[in-house]
Structure formats: C-alpha cells, structure tokens
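All of the numbers you see were taken from the coordinates with simple rules; none came from a lab. None of the values given here were measured: they were computed from a predicted structure. When we count neighbours, we look across all protein chains shown, and the Cβ atoms used for this are built from the backbone with ideal geometry, even at glycine.
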Amino acid sequence: MARIPIPTRGQPLDVSYIYQIVDAINELTQQTSSATYKYTSVETSEGIQNMLMTETKAVAAFVDIYSTQTQVTPGTSKSFSYSFKGEYKYAPIVTATPVIIDGTSAGQDISVIITSTTTNRVDGIVTFNSSGNLAVRVNLLALGVPN
C-alpha cells in the first residue's frame, strides 16, 4: 500500500495531496472489504463464529520430538506439548503433522494424535510403529478466535 507523505506545519493541502489520501483510504477499504469470500467460520465450544479472515488468529509452530537421531522401537510413544501463551478466546482448531528431520524408514511409520487442546496449549502423542534411528518433529497449525 502506498504511503502518504506527512505534510509539514503550515503546508497548504492541495488537490493532489487530498487525492493521495482518498486513494489510500480506498485501497485500504478494498483490502479489508466485507465480501463473503473473505469470511471464515471457526467452530468453537460456544458454537460457530463467523468472522473476517483478518480477524482470526493463526499460529504455525513446531515441536522437536527427537532433534538428533534416536533409536525407536515399534509401539513406543513420546508425548509433546506446545503453549500458545493465551492467544485464543476458545480452544483453536489444531492440526499436527510429523516431519522427518533425519533417519531411516522408521520415520515413515509414525502416528500423531492430539490429546488435548485448550486456549493456551495443545498436547499430543507421537507413536512409532517401526524400529530404527530417526530425528522427528511435529509441525503445528492452529486457527481460532483471538483473545
């Protein structure tokens, strides 16, 4: 978006300057219009919240489960958690995806389950279904109503 130069004290406001102000306001209005395609629905414990996408809160983060190669065996699991620092009014919708940092094919046989989501935290468990050495993290994406 264009920046409007700040006038100096006593500067006369001419048509060109007023045109820049109106043009910038129109551009801003266009970017935040209330068109239906810019709305999103967030399901919460209080029901569906319909709001502009710009009014939602998204957090993208990751949690290292094993940052260096570690031996895992089938059926073992490791819990994880991530704190949102009170950024949500209701518990957000969270997705969790395992990412292999390094290791053997054991990293291709992982299950991630989210066990709890609150307004300020998500907890989950990573279960390893094959044996091998691996380093793995969980990518998290949370979308919800801001606090």
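Under the simplified labelling scheme, the THR119-ILE100 pair shows an inter-label distance of 4.1 nm, with each label point 7 Å from Cα along Cα→Cβ.
Projecting the alpha carbon convex hull of the chain along each direction and taking the average yields 13.6 nm².
Counting 0.36 nm for each residue step from GLN108 to ILE93 and taking away their Cα separation leaves a gain of 2.9 nm.
Across the range 1-112, Cα pairs under 8 Å and at least six residues apart give a relative contact order of 19 percent. Restricting the trypsin sites (Lys or Arg not before Pro) of the range 1-96 to loop positions (DSSP other than H, G, I, E, B) with no more than 12 neighbouring Cβ atoms within 10 Å leaves ARG3, ARG9, LYS85. Between the helical axis of 15-31 and the longest alpha-carbon principal axis of the chain there is an angle of about 30 degrees.
In nm, what is the difference between 0.36 nm times the number of residues separating GLU27 and ALA60 and their Cα-Cα distance? All intermediate terms of the calculation are to be shown ahead of the outcome.
Values: separation 33, 0.36 × 33 = 11.88 nm, distance 2.86 nm.
Extra length available between GLU27 and ALA60 comes to 9.0 nm.
Cα-based count: Lys pairs in the chain below 24 Å, eight or more positions apart or different chains?
Numbers: LYS38/LYS57; LYS38/LYS89; LYS57/LYS85; LYS57/LYS89.
So the count works out to 4.
Taking the chain as a Gaussian network of alpha-carbon nodes connected by springs under 10 Å, the highest mean-square fluctuation of the residues ILE125, ILE114, ILE25 belongs to ILE25.
Under the 0.36 nm per residue contour assumption, what length would be gained going from the current alpha-carbon distance of SER77 and VAL15 to full extension?
15.5 nm
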